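The values are calculated or read from the model by the stated rules, or taken from the named source; none is laboratory data. Please read all numbers here as calculations on a predicted model, not as lab measurements. Here the Cβ positions follow ideal geometry from the backbone for every residue, glycine too, while neighbour counts run over all protein chains shown. The protein model used for the area step is the full one, side chains on, heavy atoms only, and it has no ligands, DNA or RNA in it. Shrake-Rupley method; radii C 1.70, N 1.55, O 1.52, S 1.80 Å.
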Amino acid sequence: AEYMGLAKPLRIGYLLNSQFFPLSIANRRAVIEAAEALRRAGHEVFEITLPSLEEMTVTYFALMTGDKLRFYKEALSGEPFLEEYHQIVGMAELPKVFRSILARLAPLLGEHRGAKMLKATGEKTAHELLSWSSKMRQLQDDFIDFWNSQRLDIIIFPGLGLPAIPHGASRELLLSLCYTFCFNLLGNPAAAIPVTRVRPGEDRYDDPIHNDRYTLKAKAAMVGTVGLPVGVQVVGRQFEDELVLNLSLIHI
C-alpha cells in the first residue's frame, strides 16, 4: 500500500477554532467542508484542539522583532516596508519604557491581545533571544508529541481567521493570520487550498470572547465580502511535502 500516493486511508485532524482569533462563519464552514470531502474519500477524520496557538503566535512575533527588524531592513536594501507592516514595525521600534507603560495600560482598555503583543515584541538582549528560542524549540517538540499522540498524518487548518479582506486592512488585522504564523514557527509544510466563497448572511464577524480593536476591525473588514474566496491549509509533518501536495490535489 502506498503512503505518499494516498492508496491507504489517512488519519486527518481538523481545527475549527482558536480562542486567540475566532474564525468567521465562512472560514469555519470551509474547514468543515474540507473535512467532509476527506471523510467521503475514505479517510478517518476527526476534530482536534490546539491550545498553544496563541503561544506560538506571540513567540513568532517575539523572535521576528528581536532585532527591531534590522534583518528585514537589510534584506530590503533601502526599500520601505509596505504600509501593511507599519503596525508591527511600530511595535518593534517602540522604546522599552513606552512599551512597558502601554502593555500595562492596554488591559485596562480591554486590549488584552494587544498587551500580549506589546510585551513580546521589540529589541531583545542575547539572553532574551535565547530564552525565546528555547520557547520555540519547546513548542516544536510539543507539537511533534501532539502529532504522535493523535497518530496524525495530516491536519486541516483554517487558512486565515477571515476571508479575503480589503487592501490595507491587514495592517490592523495581523492576528487574523495567526493560523499561518504558527507554521512559520514550527516549520511544517502547509498548502493553501481554496474551498468555498462567502455566502449571503456570512458577511459578518461574531467574536464571543473579545471586544477589542481587532474585533472592531474584523467586523468592518467583513462588510461586503459576499462572493470572496475562503480557503484552508493542508498541513503535514516536516519533510512530508509530497503527501501534503498529493492530498490537496486529489481530495480537496
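Points worth noting:
- For region 214-243, residues that are of a type in the set (D, E, K, R), crowded, with 16+ Cβ neighbours inside 10 Å and more than 30 Å from L10 (Cα to Cα) total 1.
- Reported count of residues in region 62-74, each being open to solvent by 60 Å² or more (accessible area, probe 1.4 Å) and either more than 19 Å from S133 (Cβ to Cβ) or of a type in the set (A, V, I, L, M) (or both), is 2.
- Scanning region 127-144 for residues that are of a type outside the set (A, V, I, L, M, F, W, C), open to solvent by 70 Å² or more (accessible area, probe 1.4 Å) and more than 20 Å from the chain's Cα centre (by Cα) yields a count of 1.
- Given (1) hydrophobic (A, V, I, L, M, F, W, C); (2) crowded, with 18+ Cβ neighbours inside 10 Å; (3) not in a loop (DSSP other than H, G, I, E, B), index of the condition F20 fails: (3)
- Criterion: within 17 Å of the chain's Cα centre (by Cα) and either surrounded by fewer than 18 Cβ atoms within 10 Å (Cβ to Cβ) or at pLDDT 95 or above (or both) - qualifying residue of P194, P208: P194
- Test: residue in region 52-61 that is modelled with pLDDT of 95 or more, assigned to a loop (DSSP other than H, G, I, E, B) and either surrounded by fewer than 16 Cβ atoms within 10 Å (Cβ to Cβ) or touching a Lys or Arg at 6+ places or on another chain (Cβ under 9 Å) (or both): no
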